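Shown next, in structure tokens, is the structure this report addresses.
The values are calculated or read from the model by the stated rules, or taken from the named source; none is laboratory data. From a predicted model like this one, the values you see are computed outputs, not experimental measurements. Positions of Cβ are generated from backbone atoms using ideal geometry, with glycine treated the same way; all protein chains shown enter the neighbour counts.
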Amino acid sequence: MPKQIKANQIQVRLLNQSDLSALNHLYADDQLLAQAGIVIDANPEFRQMVFNNWVKQKFLWGIFSHQLLIGTINLFPTEGQEEIGYLLMPKYQHHGIMTMAVGEVLQQNHSCPIFAKVRVNNEPSQRVLQKNGFDLTATDQGWMRFLKKN
């Protein structure tokens with residue numbers, strides 16, 4: 001576990017082409033992807049194409065601690081809304097990092113409603129959303145849907 005992490009030790013920014021190697025390394029952790037509900041093809045060439053597109057379209061934010069990519073936040077446009085999703089390396093979880101990082105991304109410039117889908121048993125993720133002004137709008141088949149109106 002990391003020692004006490006201070007907000008000034010965490011940087012949140014849009015990812016760029018120079019971050020692709022670190023992104024590949026982070027997303028190589030299948031257990032972390034499963035925890036975050038991310039399903040992505042295992043083919044390395046396909047992953048690289050997807051990551052390049054996400055970076056080019058400015059859909060993907062990185063969370064850094066001392067220059068190390070420790071997590072991501074994605075914002076994908078969908079039918080007049082954006083869907084937010086995120087993941088964070090396990091040893092950095094439960095320190096308030098994701099709550100702070102999501103808050104920073106939301107402050108940037110989002111004018112349309114943002115929704116998130118979270119597993120019913122993922123209480124830490126639910127708290128991240130609630131602390132950032134999301135409201136629970138539905139529960140269905142083991143998933144909860146949260147919405148933040150701007």
- Name the strands (runs of 3 or more DSSP E) wholly within segment 26-137 that hold at least 3 residues that are within 17 Å of residue 11 (Cβ to Cβ)? 60-65, 68-78, 81-88
- From the set of residues in segment 6-25 that are of a type in the set (A, V, I, L, M) and outside any helix (DSSP H, G or I), which is farthest from the chain's Cα centre (by Cα)? 10
- For segment 37-65, what are the residues that are within 15 Å of the chain's Cα centre (by Cα) and at pLDDT below 85? 37, 38, 39, 40
- Within segment 125-150, the residues that are of a type outside the set (A, V, I, L, M), farther than 15 Å from residue 113 by Cα and touching a helix residue (DSSP H, G or I) at 6+ places or on another chain (Cβ under 6 Å) are 131
- Task: Test residue 59 against the criterion of being more than 28 Å from residue 121 (Cβ to Cβ) and not hydroxyl-bearing (Ser, Thr, Tyr), and give yes or no.
- Result: no
- From the residues in segment 66-82 that are out of contact with any Asp or Glu (no Cβ under 7 Å at 6 or more places or on another chain) and at pLDDT 95 or above, which one is surrounded by the fewest Cβ atoms within 10 Å (Cβ to Cβ)? 68
- Message: If residue 121 satisfies all but one of (1) in contact with an Asp or Glu (Cβ under 9 Å, 6 or more places away or on another chain); (2) more than 22 Å from residue 19 (Cα to Cα); (3) not acidic (Asp, Glu), what's the number of the condition it fails?
- Response: (1)
- Note on the structure: Checked pairs for segment 108-136, first modelled with pLDDT of 90 or more, second acidic (Asp, Glu), C-beta under 8 Å and 6 or more apart or across chains, list as 113/82; 114/82; 114/83; 115/82; 115/83; 116/83; 117/83
- The one condition residue 135 fails out of (1) exposed (fewer than 12 other Cβ atoms within 10 Å of the Cβ); (2) at positive phi is (2)
- Message: Within segment 94-104, take every residue that is at pLDDT 95 or above and under 24 Å from residue 28 (Cβ atoms) and give me the one that is surrounded by the fewest Cβ atoms within 10 Å (Cβ to Cβ).
- Response: 97
- Item | Residue that is nearest to the chain's Cα centre (by Cα) [pool: residues in segment 113-139 that are polar (S, T, N, Q) and within 23 Å of residue 32 (Cα to Cα)] | 125
